[in-house]
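Reading through the structure tokens given below for one structure.
The values are calculated or read from the model by the stated rules, or taken from the named source; none is laboratory data. Computed from a prediction, not measured in an experiment: that's the story for all the values here. In this analysis, Cβ positions are derived from the backbone assuming ideal geometry, glycine residues included, and neighbour counts consider all displayed protein chains.
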Amino acid sequence: LGSTEPITLREGAEFDFDHLLARLVELAYVRVDMVGKRGEFAVRGGILDVFPTTADHPVRVEFWGDEITEQRAFAVADQRSQPEVDASVQVVA
């Protein structure tokens with residue numbers, strides 16, 4: 001895992017969505033219905049919820065096609081958005 005490149009998510013970046021999901025699995029993230037703890041991700045349509053192992057809150061990443069159009073942190077308890085997320089989010093193993 002030490003040589004595995006992290007995934008950097010930021011608005012305007014483009015990713016092949018299916019490849020991104022495969023990369024999350026390679027980084028040992030677990031796909032779930034609803035994100036509740038670090039190391040999990042969930043997918044609903046063009047929305048990816050991911051809880052990076054180094055973050056305080058999970059992040060909701062919205063895609064339009066292959067482009068990230070918006071991302072914001074949210075609370076696990078009620079799934080409500082938190083104040084603005086940093087310009088980029090790193091997903092690491």
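Just checking, how many residues over segment 52-67 are part of a strand (DSSP E or B) and either over 13 Å from the mean Cα position of the chain (by Cα) or acidic (Asp, Glu) (or both)?
Residues in segment 52-67 being part of a strand (DSSP E or B) and either over 13 Å from the mean Cα position of the chain (by Cα) or acidic (Asp, Glu) (or both): 3 in total.
Looking at (1) in a strand (DSSP E or B); (2) surrounded by fewer than 17 Cβ atoms within 10 Å (Cβ to Cβ); (3) at pLDDT below 90, can you tell me which one Glu70 breaks?
The number of the failed condition is (3).
Note down all Cβ pairs under 6 Å where the first residue falls in segment 36-54 and is under 17 Å from His19 (Cβ atoms), the second is assigned to a loop (DSSP other than H, G, I, E, B), and they're at least six residues apart or on different chains.
Going by the 6 Å Cβ cut-off, the qualifying pairs are Phe41/Tyr29.
Which ones in segment 27-47 are in a loop (DSSP other than H, G, I, E, B) and more than 17 Å from Asp78 (Cα to Cα)?
Matches in segment 27-47: Leu27, Ala28, Tyr29, Gly39, Gly45, Gly46.
From the list Leu9, Leu20, exactly one residue is touching a residue at least 40 places away in the same chain (Cβ under 8 Å) and over 14 Å from Gln79 (Cβ atoms). Which is it?
Just one listed residue meets the conditions, Leu9.
Taking Phe15 and the conditions (1) free of Cβ contacts under 8 Å to residues at least 60 places away in the same chain; (2) closer than 15 Å to Val92 by Cα; (3) hydrophobic (A, V, I, L, M, F, W, C), which numbered condition does it fall short on, given that it satisfies the others?
(2)
Tell me the residue from Asp49, Asp33 that is modelled with pLDDT of 95 or more and more than 12 Å from the chain's Cα centre (by Cα), please.
One residue alone meets the criteria, Asp33.
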